[in-house]
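The values are calculated or read from the model by the stated rules, or taken from the named source; none is laboratory data. Keep in mind the model is a prediction, meaning the values are calculated, not measured. Here the Cβ positions follow ideal geometry from the backbone for every residue, glycine too, while neighbour counts run over all protein chains shown. Keep in mind that these areas ignore ligands, DNA and RNA; they rest on the heavy atoms of the full protein, side chains included. Shrake-Rupley method; radii C 1.70, N 1.55, O 1.52, S 1.80 Å.
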Amino acid sequence: MKGITVPTLYTVGEFDEADPPTIERFARMTPGAQVVVLPGAAHLTPWDARDESIRVVRTFLRAADSSSGKP
């Protein structure tokens with residue numbers, strides 16, 4: 001994961017079977033990665049926490065786009 005050189009977002013549901021500590025461990029191995037734990041969600045975060053999931057991804061993409069240095 002150390003070879004990843006692009007902005008990276010990990011999302012995980014609070015009750016996900018791929019639990020938050022596991023995802024946080026992967027994020028620590030990914031330079032500059034962000035982790036967002038979606039409260040009340042399980043494995044299908046876009047279904048379980050639809051509005052919050054969309055908000056988080058949009059915010060991430062906007063920030064990644066604005067930091068690319070491209071017009």
Restricting region 21-71 to residues that are among the small types (Gly, Ala, Ser), within 22 Å of GLY3 (Cβ to Cβ) and at pLDDT 95 or above, the residue that is most open to solvent (accessible area, probe 1.4 Å) = ALA33
request  = State which residue pairs qualify: first residue on the phi > 0 side of the Ramachandran plot and touching a residue at least 12 places away in the same chain (Cβ under 8 Å) and inside region 38-54, second residue assigned to a loop (DSSP other than H, G, I, E, B) and among the small types (Gly, Ala, Ser) in any location, beta carbons under 8 Å apart, and separation of 6 or more residues or different chains.
outcome  = GLY40/ALA49
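Is at least one residue of region 6-17 within 12 Å of the chain's Cα centre (by Cα), part of a loop (DSSP other than H, G, I, E, B) and surrounded by 13 or more Cβ atoms within 10 Å (Cβ to Cβ)?
At the first step, the residues of region 6-17 found to be within 12 Å of the chain's Cα centre (by Cα) are 7-13.
Now restrict to residues that are part of a loop (DSSP other than H, G, I, E, B): 7-8.
Filter again for surrounded by 13 or more Cβ atoms within 10 Å (Cβ to Cβ), leaving 7-8.
Yes: region 6-17 contains one or more residues that are within 12 Å of the chain's Cα centre (by Cα), part of a loop (DSSP other than H, G, I, E, B) and surrounded by 13 or more Cβ atoms within 10 Å (Cβ to Cβ).
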